[in-house]
Amino acid sequence: MSDDKTSNQMWGGRFASGPAAVMEAINASIGFDRKLYSQDIRGSLAHSEMLAEKGIISAEDQSRIAHGLNTILREIEEGTFTFSTRLEDIHMNVEARLAELIGPAAGRLHTARSRNDQVAVDFRLWVKEELVSTAEGLKRLIAAFLDRAEEHAATVMPGFTHLQSAQPVTFGHHCMAYVEMFARDLSRVRDAVERLDESPLGAAALAGTGFPIDRQATARALGFREPTRNSIDSVSDRDFALEFLAVASICATHLSRLAEEIVIWSTPQFGFVRLSDSFSTGSSIMPQKKNPDAAELVRAKTGRVNGHLVGLLTVMKGLPLAYSKDMQEDKEAVFDAAEALDLMIAAMTGMVSDMTVNADAMKRAAGSGYSTATDLADWLVRVLGLPFREAHHVTGRAVAMAEAKKTGLEKLSLEDLQTLHSGITEDVYSVLSVRNSVSSRTSFGGTAPSQVRRQTRYWRKRLAKA
């Protein structure tokens, strides 16, 4: 049977000739939706089994259909299946091949369904599986950060606001900030799965069907919690795709922020971390260079993921109910974003796991920029009873004095400090060292090593249950 004849038969008697070449090119989606082959075959198997159980098709036809579908699955996985653009999409390619394999029984498979609910269920299944995979990737990334946080619970480093030294923190505490961020991503992934866990199969074109189908049975067979409850919304909805892209965009933004820090930290000017050769490249002309290309590419791919979200939002914003062909544009965006996100998470997990931390460089930098100034102000409030605004003023004068003397706050003499306030005593030096500053921050969620270890224990228990 020629492709032209097959295509015309699929369309039915309404069209006397095959589509023009340009129409074929714009209409076909098999170039990308072939990725849905296993979900399409799973959906068809579940649908045919239900049809047989309800007596809508015979058990013999269902057996032939199942055998044919499993044969097609093997052909695709072994690379012997021939995809045709003239058959438009994965659904028609599978159906045409099924007809070649089993004859007229193949035509009974499409009873009580439409390509509208067929693609909706295929795509939901794919997104659900991808979200589960994303969750596993995020758990590995979080575990990598927990390892580094435990290892560096007491490693001091500068904490920044506006990329200016603010207060000393620990590297472990900084790592735990990313644990919190990626744990929120993991939570969003779980929420997205919960919302999409409904099967649209059986909604047919948009109005449901007059056949006595069992949508609960097909939902269970496909691993969905329940069937969708409105046939129009079932085929109109792409919220699950939009939500996947929204989750991916937020997660990618977190990955990009981390990538930016790694790029900065790995410069000779900072020297906080060193990436292994596995995640770096050299320069074609400058032999001394070691470039953090993996981190830079993670940072760049975020724009790609964000662009897909905006693109699909724009596609969907003007569509009336129910199905429109515009929705064919949903899959490439999701497929590409998913591939990019998987790669970004894996690359960042690798970088976090094997980068070398330069604790000495972090410690030296932690004391720069008068980072214990807030500790001095707090001491003036706590010990001398000064109002905070007055303590802030005294501390500002102390910083100006240290700048003039080109020294650190902890190097100012007691006599110098007493010119600023006569009540200052030798005890003030207990808060001016970076180490003591960090250790004093024992409030819940603070940077003190004891708090960092407390939070790593909490997150290990929570991650084990995730």
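Among the numbered conditions (1) open to solvent by less than 60 Å² (accessible area, probe 1.4 Å); (2) outside the structural domain of residue 394 (by the TED database); (3) outside any helix (DSSP H, G or I), tell me where residue 442 comes up short.
Going through the list (1) open to solvent by less than 60 Å² (accessible area, probe 1.4 Å); (2) outside the structural domain of residue 394 (by the TED database); (3) outside any helix (DSSP H, G or I), residue 442 breaks only (1).
Answer with yes or no whether residue 305 is open to solvent by 50 Å² or more (accessible area, probe 1.4 Å), in the same structural domain as residue 272 (by the TED database) and under 30 Å from residue 279 (Cβ atoms).
Against the criterion (open to solvent by 50 Å² or more (accessible area, probe 1.4 Å), in the same structural domain as residue 272 (by the TED database) and under 30 Å from residue 279 (Cβ atoms)), residue 305 does not qualify.
Against the definition (assigned to a loop (DSSP other than H, G, I, E, B), within 25 Å of residue 237 (Cα to Cα) and open to solvent by 40 Å² or more (accessible area, probe 1.4 Å)), how does residue 313 come out, yes or no?
No.
Keeping to region 238-267, report how many residues are open to solvent by less than 20 Å² (accessible area, probe 1.4 Å) and in a loop (DSSP other than H, G, I, E, B).
1
Looking only at region 417-431, which residues are buried (at least 20 other Cβ atoms within 10 Å of the Cβ) and farther than 23 Å from residue 152 by Cβ?
417, 424, 428
Suppose we keep only residues that are under 22 Å from residue 181 (Cβ atoms) and surrounded by 16 or more Cβ atoms within 10 Å (Cβ to Cβ) within region 354-389. Which one would you say is nearest to the chain's Cα centre (by Cα)?
Among them, the one singled out is 355.
Quick one: would you say residue 36 is open to solvent by less than 10 Å² (accessible area, probe 1.4 Å) and modelled with pLDDT of 95 or more?
yes
Residue-by-condition table, conditions (1) over 19 Å from residue 53 (Cα atoms); (2) at pLDDT below 95; (3) in contact with a helix residue (DSSP H, G or I) (Cβ under 6 Å, 6 or more places away or on another chain):
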| residue | (1), (2), (3) |
| --- | --- |
| 182 | yes, no, yes |
| 193 | yes, no, yes |
| 196 | yes, no, yes |
| 203 | no, no, yes |
| 212 | no, no, no |
| 216 | no, no, no |
| 233 | yes, no, no |
| 241 | yes, no, yes |
| 245 | yes, no, yes |
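Would you point out the residue of region 160-197, among those that are closer than 30 Å to residue 234 by Cα and either open to solvent by less than 50 Å² (accessible area, probe 1.4 Å) or of a type in the set (S, T, N, Q) (or both), that is farthest from the chain's Cα centre (by Cα)?
Ranking the qualifying residues of region 160-197, first place goes to 197.
The values are calculated or read from the model by the stated rules, or taken from the named source; none is laboratory data. As the structure is a computational prediction, the values presented were derived from the model and not from experiment. Neighbour counts are summed over all protein chains in view; Cβ atoms, including those assigned to glycine, are modelled from backbone coordinates with ideal geometry. Surface accessibility is based on the protein's heavy atoms, side chains included, excluding ligands, DNA and RNA. Shrake-Rupley method; radii C 1.70, N 1.55, O 1.52, S 1.80 Å.
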